[in-house]
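These notes are about the structure you will find just below.
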Amino acid sequence: MINLHPVQIESLSLHRVGNKNKNEAVFLSAEPYALNDETTGLFKEYFFKPFREKEENYFKFDHETDLDFHTLNTVAKAIFKDPSSIHANSKKIATHLFEQSNHPHIKDGELYVAYLSDVRLDNEKVDAIGIFKSELKHDFLQFEEKSDNLDIHIEQGVNLNRLDKGCLIFNTGAEEGYKILSVDSNRYDTKYWLEHFLEVVPLADETFYTKSYLKFCQNFAKDVVLPSEDKQQEVLFMNRAVNHFAKNDAFEETQFLNEVMDNPELIPEFKHYKVEKGPKYSIEDVSNFDIANKAVSDARKKIKNVIQLDTNIQIKLDFINPESAERFVEKGWDEERQMYYYLVYFNKEQKGN
């Protein structure tokens, strides 16, 4: 888990990177930008807001041969070894970005490279390198009093409420390619930022495995539990799966299956499905890992616990107490109407909010 509120921006370098394919140039500032209290506050909100709003999906640098040949990994090592070198190394970062900016869809923009201190990552204080890019320009109005009239000037600038691209490289896990967060608000060039510029792959930590395994379970419920049983059992299976993750610190697959699989006949189906689909989620050889609590909470919010009926009626099941759905909701078949029905037991109706 990351806490960016106490972060200090120790230095900031600004450059402009054009599109190489369009014969645009790269402009490298000779000196770091001189921060003051006002600009520091604005930049902190501009840089960090997207990371506070986004799920924490971590990456690491990756190279097909060796990390010593990875451009940004080498630059990050040099900066963390000597933070005073960040401006000189920021020029290397800008040049590297320029070399990757060779697709017609890639927009020119300003590049910000910051050295950050007092980042709280997993309850530990670490330094970080922030790399941010602004691309889209927005129209705004400037007003000027001229004689007896108020005049308007239309200008273009960066919207500080929307960072286009950014990444945080934390000074931890250096031997494996560091621990990295990335955001990208633009969908038209995602490969350019993640794959070509950053050259990262997902970091296989407890957060990654927790999210991947729950996503795998969600698809198993949809592809196997639903066709073999019904929508209620699909929802209940995911209820039990998420609750198992929520109440345990570590995951062990045999224990999970014995506790969560209400129908033992589906256990062989689960194992077969894992052999077939596991590689897609990078869990084919994974049966034990530590559980990331925040990832469980994030997954719970995304998993639907609603039975949608074709009669325009929804039945919402309790995700925290799935036994309520098992005890008080029954499914049946009405011969006269030739329709399925759900029978719901209750003592009294509760007042809404």
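The values are calculated or read from the model by the stated rules, or taken from the named source; none is laboratory data. Everything numeric here is computed off the predicted structure, so don't read it as measured data. Here the Cβ is made from the backbone with ideal geometry for all residues, glycine too, and neighbour counts use every protein chain on show. For the accessible areas, the whole protein counts, side chains as well, though only heavy atoms, and no ligand, DNA or RNA atoms are used. Shrake-Rupley method; radii C 1.70, N 1.55, O 1.52, S 1.80 Å.
One table, with the values for the structure above:
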quantity: Spans of strands (runs of 3 or more DSSP E) in the range 1-85 with at least 3 residues more than 28 Å from the chain's Cα centre (by Cα); calculated: 26-28
quantity: Which listed residue, of His15, His103, is open to solvent by less than 50 Å² (accessible area, probe 1.4 Å), touching a residue at least 12 places away in the same chain (Cβ under 8 Å) and of a type outside the set (Lys, Arg); calculated: His15
quantity: Residue list for the range 210-221, filter: under 19 Å from Asn263 (Cα atoms) and open to solvent by 10 Å² or more (accessible area, probe 1.4 Å); calculated: Gln218, Asn219
quantity: Residues of the range 19-32 that turn out to be within 29 Å of Asp82 (Cβ to Cβ) and either open to solvent by less than 70 Å² (accessible area, probe 1.4 Å) or free of Cβ contacts under 8 Å to residues at least 40 places away in the same chain (or both), as a count; calculated: 7
quantity: Pairs, first assigned to a loop (DSSP other than H, G, I, E, B) in the range 266-289, second open to solvent by 100 Å² or more (accessible area, probe 1.4 Å), C-beta under 9 Å, six or more apart; calculated: Glu284/Val275
quantity: Answer from Val242, Val224, Val235 - the residue that is surrounded by 13 or more Cβ atoms within 10 Å (Cβ to Cβ), touching a strand residue (DSSP E or B) at 6+ places or on another chain (Cβ under 7 Å) and either touching a residue at least 40 places away in the same chain (Cβ under 8 Å) or part of a helix (DSSP H, G or I) (or both); calculated: Val235
quantity: Every residue from the range 35-73 that is surrounded by 15 or more Cβ atoms within 10 Å (Cβ to Cβ) and among the hydroxyl-bearing types (Ser, Thr, Tyr); calculated: Tyr46, Tyr58, Thr71
quantity: Test: residue in the range 260-282 that is polar (S, T, N, Q) and surrounded by fewer than 11 Cβ atoms within 10 Å (Cβ to Cβ); calculated: no
